[in-house]
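Values quoted throughout were computed directly from the atomic coordinates according to the rules given, and no laboratory measurement underlies them. Quantities reported herein were computed from a predicted structural model and do not represent experimental measurements.
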Amino acid sequence: MSASRRYEILLPLQFNDGQPVPDTLIGEVLTDLRRHFGAVTWETQIINGVWEHEEQLFRDNLMRVIVDVPDTEDNRHLFHLFKQTLKTRCQPIDSWMTTHLIDVI
């Protein structure tokens, strides 16, 4: 069995100005991931966060999106590109994406 990698994305549910991200936009993001990688999982609970940037306080409402894929350089590159797409679509100052190896049994 080849190694797999999990990518977790904290997808904003609101823009930095506090306006909600439209459900259609969130749907497009999830659909794009499914089409590109074959599957996508997300949690419906809201993940709250608070952070500071340039002395301004931001409050986040986020959803966790999970994609498990083969651990390849191509997939890593595609997620780097996807992060840039998210920054264009959702306009966050940054988009938090983490990754780690997984062992699927």
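Roughly what % of DSSP beta bridges within the chain run antiparallel, to the nearest 5?
The antiparallel fraction comes to roughly 100 percent.
Enumerate the calculated ³J(HN,Hα) couplings along the range 17-32 in order (Karplus 6.51 cos²θ - 1.76 cosθ + 1.60, θ = phi - 60°), each rounded to whole Hz, writing x wherever the residue is Gly or Pro.
Values per residue, Gly and Pro as x: 7, x, 5, x, 6, x, 4, 4, 5, 4, x, 4, 4, 5, 5, 4 Hz.
What are the ³J(HN,Hα) values, in whole Hz, obtained from phi via the Karplus relation 6.51 cos²θ - 1.76 cosθ + 1.60 with θ = phi - 60°, for each residue of the range 54-59 in sequence order, with x given for Gly and Pro?
For the range 54-59, the Karplus-derived couplings read 6, 6, 10, 8, 10, 10 Hz, x marking Gly and Pro.
Using only Cα atoms and rounding to the nearest 10 degrees, what angle (0 to 90) does helix 73-90 make with the longest principal axis of the chain?
Result, in degrees: 20.
Given H placed 1.01 Å from N in the peptide plane, which residues other than close sequence neighbours of Trp42 have an amide H under 5 Å from its amide H?
Placed amide hydrogens put Ile66 under 5 Å from Trp42.
Which of Asn61, Asn48, Asn75 moves the most in a Gaussian network model of the chain with Cα springs under 10 Å?
Asn48
Using helices alone, what [θ] at 222 nm do you get for the chain, with -39,500 (n - 2.57) per DSSP H run of 4 or more residues, divided over all residues and rounded to the nearest 500?
One gets -10500 deg cm²/dmol as the mean residue ellipticity at 222 nm.
Most fluctuating residue of Glu73, Glu43, Glu54 in a GNM of the chain with Cα springs under 10 Å: which is it?
Of the options given, Glu54 has the highest mean-square fluctuation.
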